[in-house]
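Okay, so here's the structure we're looking at.
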Amino acid sequence: MKKRKLGIIGGSGLYKIEGFTKTKWKNINTPWGKPSDDILIAKLGNEEVCFLPRHSRGHKINPTNINFRANIDAMKQLGVTDIISVSAVGSLKESLEPGKFIIIDQFIDRTFSRIKTFFDQEIVAHVSMAKPTSPGLIKCCEAALKKINVTHQVGGTYVVMEGPQFSTLAESNLYRSWNADVIGMTNMPEAKLAREAEIRYCTVAMVTDYDCWHPDHDEVDVSMVIQTLMKNAANAQNMIKEIIKTFKDFSVEKDPANNCLDAAIITDPKMRTNNTRKKLKNIAGRVLYKKQ
């Protein structure tokens, strides 16, 4: 199996972790444009990891305008094989109170203004998203949260809405009727693109509020979200440190992302132009440049 390397996508508080050495911000260009920001490369012990601020440093990019394709391509260029996404979410269940962490295993994609595939021109690929997150990384995140004694839930469904506005009350109640657990704006098409790039992916969602459905809590606003995020920051940093130390201890041999493009690309190889193959080299070069 290819040598494993960890990438973290999330907020700025994750990159200021005590113990990091040899830190440097690296500018990356991709065929899809620029990623959200430069990527921070850092070492913890002997492990080199890559950090990407999803909304750019200072939170300047609207969720809809995130260049998800460039973000995933940049990670792939740097040799990342495993991505941990750390995301703020609203709760759709009483049992998921603000401050609690949830390790996601399913998504409902309700976004509608985002390009969701690398294979949108000339080459068509249909990857399986039945199991969108990595079982091995889920176990790793669970072990990390147990180690640092953070209240959490393993498994849950994340509704990804377009945003940037928060839900209406009717929408929030609709998602609750689907038995979804949390709602956010950023993990799609991120998870789909990671799968197309054959990168293992796992989301740890941090609950910041009860969305707007809860009759005993104020309607969600930005100040409420930021206040809870600040409280979660130390827990998130400690979790990331544990994940960096241990992620290679958890088997990913049968992960659904592994070599998933082998059974996904449907286009006749004779119809693939050199320009398109070159554009997809980082993402799918393993299969597109394979001898027929």
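The values are calculated or read from the model by the stated rules, or taken from the named source; none is laboratory data. Bear in mind that the values here come from a model prediction, so they are computed numbers and not experimental data. Cβ coordinates were reconstructed from backbone atoms using ideal geometry, including for glycine residues, and neighbour counts include every protein chain displayed.
Summary table
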| quantity | calculated |
| --- | --- |
| The one condition in (1) over 15 Å from the mean Cα position of the chain (by Cα); (2) over 18 Å from Ser95 (Cα atoms); (3) not aromatic (Phe, Trp, Tyr) that Ala191 fails to fulfil | (1) |
| Unique residue being under 30 Å from Trp32 (Cβ atoms), buried (at least 21 other Cβ atoms within 10 Å of the Cβ) and in contact with a helix residue (DSSP H, G or I) (Cβ under 9 Å, 6 or more places away or on another chain) when the list is Leu92, Leu145, Leu137 | Leu137 |
| Search result, residues across region 99-118 that are touching a helix residue (DSSP H, G or I) at 6+ places or on another chain (Cβ under 7 Å) and modelled with pLDDT of 95 or more | Phe101, Ile103, Asp105, Phe107, Ser113, Arg114, Ile115, Lys116, Thr117, Phe118 |
| Residue that is farthest from Arg110 (Cα to Cα) [pool: residues in region 137-186 that are free of Cβ contacts under 8 Å to residues at least 12 places away in the same chain and part of a helix (DSSP H, G or I)] | Lys146 |
| Check on Phe118, in a strand (DSSP E or B) and over 18 Å from Gly184 (Cβ atoms) | no |
| Entirely in region 1-78, the strands (runs of 3 or more DSSP E) that have 1 or more residues that are crowded, with 16+ Cβ neighbours inside 10 Å | 6-10, 39-44, 47-53 |
| Residues of region 273-286 that turn out to be modelled with pLDDT under 95 and either closer than 15 Å to Asp120 by Cβ or surrounded by 16 or more Cβ atoms within 10 Å (Cβ to Cβ) (or both), as a count | 4 |
